[in-house]
Structure formats: structure tokens, C-alpha cells
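K.L.:
Attaching a single structure in C-alpha cells format; questions to follow.
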Amino acid sequence: MVVPGLSTPILPRRVRPASPAWPRLLGGLLLALLAAHGRVDAADDFNPPLLEVESGPWAKASVVAVVAIRDIRQNRQVALGPMLVRAQVERVLKRPEPPPGQTGIKAGDPVIAWVPGPKPTLDPRAPSAPMLAAEDRGRYVLFLSDSSSGSAYEVQALFTADGLEGEQKVEALSRLQVQLSMKGPEERVHATLAQLFRAFDDERHWTRENAAREMAWIARHHPSLLDADARLRLRRVAAGPTSRPQAMYLAMALADLGASPPPPARRGPASASARWRSAFERAEDAKGQARLLATRHTEARGEARAAVWEDLRWGWWHAPAEARVAWLHALPLRAPPADAMEWRGLYAHEESLPVLEGLVRAVGLSRRAEDVPWLAARLERADLWHAATLALARVRTADALEWLRRERLACEAEGADAERMGWLDHLLSDLFVQGEAAVR
């Protein structure tokens, strides 16, 4: 995504933020827009807030699509130069009108795109990094424009779409697509406000936070669209249980509307989520935080799964690396398969090597066949090779074992040391299976 005033795209990849990168970047861009523009008090030029906040990438892109990245090729002569990405389209969110008799880009199509580089980091020892690393395959939303040569697309911006949070981001862009298809501004206004107030009741944290962010934009630029009833509803939302970022955006909205602050909330029985977060904030050390993460994780079952994972992600970004590692190593040897996408989503924003190793291990414990390509891509990193081979051995499908055999042949051809060869022989043996069964 492109922040006004900066020529270098900032993409939420390897820098570990204090909270998930896409909402923080979106919030920063919103604040920049609020500072740059005055009030616009008419409905005839109303655009959905998300379009205004995302005006850079969405407007510049000719195609916006959810894709599964299959292969990443880096220019070996230029370490931080452009990379060629091959992906398969899962869903198209925006595309140009195709010529008569043609279908245009659609789900299932292969796509080739150039990813620019480098990107800035927050590490003074390595101020630049590739936009994508060779192992960064997975599910992404790509904002694509036609390249000058016409042979491949160019990536204007991207973000990961793995996990529950990724699903919510894709939903937000899908909603934007629907709103833009509405011809009349009155219809867009009605649909936008109705959707935002529905989102405040959503159990998912990111969706609620994003609704507050969009409502703050409307309150600043189109205050007349929020009538007395809407302002009362907004005050009621602000008076209820909210996260700190959500409360901040709601306070901005009420201040711009000249509305009085919400009355103090009546104290009732705290929810399970509120009690857990309060206990987490009071935890004195990393061991205590890891224990609370593990305990809360056991409750991520059935209908409670989405709400519990909202708490786990919140705790993850507030915990130090040692707490995250301790939790990951306390996972049972048979983990819920549905958790694999959550681990992969956390991996996308992580920098700590011990945590990355723990996340690779966690994906392996889910034992999903569909994670084999993702795990195999981790073999390309020497510092994750041991964790990736162990994870593949635990998944133990035909494809996973084939990857281990390929590694065995490659090590033999390279004349690898006996310890490395012995490790692969052990993973491929029945003795490994018997050992895993004995400790479950």
C-alpha cells in the first residue's frame, strides 16, 4: 500500500507490528487522509469509506484478486530487485471489462506478476528487505496493474489472506466491490451505514475495528449523513465493550459529530474474553502469559473458535517472543487441523527465528495434506530445515514422504554429514512413527 508522501510502497510483511499489520497501516493511512482533507458534507459525491482509505492501491490496480502463490523467482544478480511470482487465481474482486467474446481473468486462471523491491524495514542493521522471500507462498490479495511490456502484471500492493483475519479482509474488499456496483449515491449511503452498524455486532475483532475506522471517516467527511438516530446508535456502540483501537475511532467519530461522550457503561458480569484479557495483562512473566495462551487455546472449539482466536491473536501480539515460543512448544502432538491456517497467518508477520520454528512445528502438528507445499517451501531456509523436515514427517502423506526422500537424495548427492543423513533416515523409518505414537 502507498502512504501519501512516500514513494516506496509499504507492504505488511516481515516487520512484526504491535498488532496485525494491515489494520495498523490502514489506520495510519486514514489519519493521513483525515489530516489532508476537510469536511465534505454532500451525499452526491459519496464513495464507500474503504475506497477512500484504499484509494491508492484500488484505484491504480486494473485487477484485484485473491490468489494462491505457487512459485517465487528472485533475480540472483540483484538481491533486493524485482521478483517473478506465479500464482493461481482463487477469486477476482476487480477487473476491467473484457473485450467482446472474451471472459477476462477469472478464478482458476494462472497469473504471472512482477513484485517490486525492496521494502523498508524497522531494523537499522538491515534497512531493506525483499517484498517477498522465496518461501512466502500462500494465500494473498494482489493489487495488479498492466506492465509496460504486457508480458506480466505488476504488483502495486499486496497483503496476506491466510487465517480468520485474512478472510475478514477479503470480505471487506468484496463488500467494497458490491457497493461500487450501486449506481445511486443514496443507495450506497444506505447500504454502507447499514453494513457498518451490522459489523459492530460481529463477533470478529478485526471486522468491528474496521467498522469503527470507516465510521470515523464518514463522521469527518459526511457528518450530515448521520442523523439523530444514527448518532444515538453510535453512542451506544461506544458505551459498550470495545477494544482500544475501536474505542479510539469511535471517539474520533463522536468528536467530529459534536456528540456528547457515551454514558458510563453499567458494570455487569465480565465476558470470558474480558476476564481472560484482564488476566493476561496482569501476568507477571512470559511463563504466565504462555500458560494463559495455552489454556485459552483449549477452548477454541465449535462456535467459540472464532472468538477465542481473536483473543489468542490479541495475546500473541502483546506477548514477548519467549512467551510465544513457550506456548507453541506446549501444543499437544495432535492439534486441530483448522488451526493450521492461523499458524500460517501468524508466520507471515513474524521475525523471531525461534517463533518461526515453533510455527512450522505447529503447522505440522495439524497434519493436513494441503499444508505440504507450504512446509516444503520452508526447506529452502537453512535455519528452518530441521523444523520443516520434522513437520513433513508428522504430516506423513505420500507427498510429504516424497519431499523427505528428495531431501535424502539431495543430501547424499551433496555429500552431507552423517548426522543430517541419519536424521532423514530416522524421519522416514517406522521407528519414528512408533515413537510419535508412544508419546501422544
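K.L.:
For region 151-160, which positions are within 13 Å of the chain's Cα centre (by Cα) and either of a type in the set (Phe, Trp, Tyr) or in the same structural domain as LEU359 (by TED's automatic domain parsing) (or both)?
P.N.:
Hit for region 151-160 is PHE159, nothing else.
K.L.:
Of (1) surrounded by 18 or more Cβ atoms within 10 Å (Cβ to Cβ); (2) modelled with pLDDT of 85 or more; (3) within 27 Å of the chain's Cα centre (by Cα), GLY288 satisfies all except one. Which?
P.N.:
The one condition GLY288 does not meet is (1).
K.L.:
Can you list residue pairs whose Cβ atoms sit under 8 Å apart, with the first residue in region 192-203 being more than 15 Å from ALA219 (Cα to Cα) and the second being of a type in the set (Val, Ile, Thr) and buried (at least 19 other Cβ atoms within 10 Å of the Cβ)? Count only pairs 6 or more apart in sequence or on different chains.
P.N.:
Note: pairs meeting the criteria are ALA199/THR207; PHE200/VAL237.
K.L.:
Report yes if some residue within region 300-316 is in contact with a Pro (Cβ under 9 Å, 6 or more places away or on another chain), buried (at least 21 other Cβ atoms within 10 Å of the Cβ) and within 27 Å of THR207 (Cβ to Cβ); otherwise report no.
P.N.:
Within region 300-316, the subset in contact with a Pro (Cβ under 9 Å, 6 or more places away or on another chain) is 300-301, 305, 313.
Subsequent filtering for residues that are buried (at least 21 other Cβ atoms within 10 Å of the Cβ) retains none.
No - not one qualifying residue is present in region 300-316.
K.L.:
Is one or more of the residues making up region 337-358 touching a Pro at 6+ places or on another chain (Cβ under 7 Å), under 29 Å from ARG405 (Cβ atoms) and part of a helix (DSSP H, G or I)?
P.N.:
No: zero hits.
K.L.:
Ok, one more. Name every residue in region 302-333 that is of a type in the set (Asp, Glu) and within 15 Å of LEU356 (Cα to Cα), in order of residue number.
P.N.:
At the first step, the residues of region 302-333 found to be of a type in the set (Asp, Glu) are 303, 310-311, 322.
Listed by number, the list holds a single entry, GLU322.
K.L.:
Name the pairs whose Cβ atoms lie under 8 Å apart, with the first residue in region 385-414 and in the same structural domain as VAL363 (by TED's automatic domain parsing), the second among the β-branched types (Val, Ile, Thr) and surrounded by fewer than 19 Cβ atoms within 10 Å (Cβ to Cβ), and 6 or more positions between them or separate chains?
P.N.:
As it stands, the answer is ARG396/VAL433, since those pairs meet every condition given.
K.L.:
Looking at ARG334, ARG378, ARG361, can you tell me which residue is of a type outside the set (Phe, Trp, Tyr), modelled with pLDDT of 90 or more and surrounded by fewer than 22 Cβ atoms within 10 Å (Cβ to Cβ)?
P.N.:
On the way: ARG334 fails: modelled with pLDDT of 90 or more; ARG378 fails: surrounded by fewer than 22 Cβ atoms within 10 Å (Cβ to Cβ).
The conditions single out ARG361.
The values are calculated or read from the model by the stated rules, or taken from the named source; none is laboratory data. Keep in mind the model is a prediction, meaning the values are calculated, not measured. Don't worry about glycine lacking a Cβ; one is built from the backbone with ideal geometry, like all the others, and counts go over all protein chains shown.
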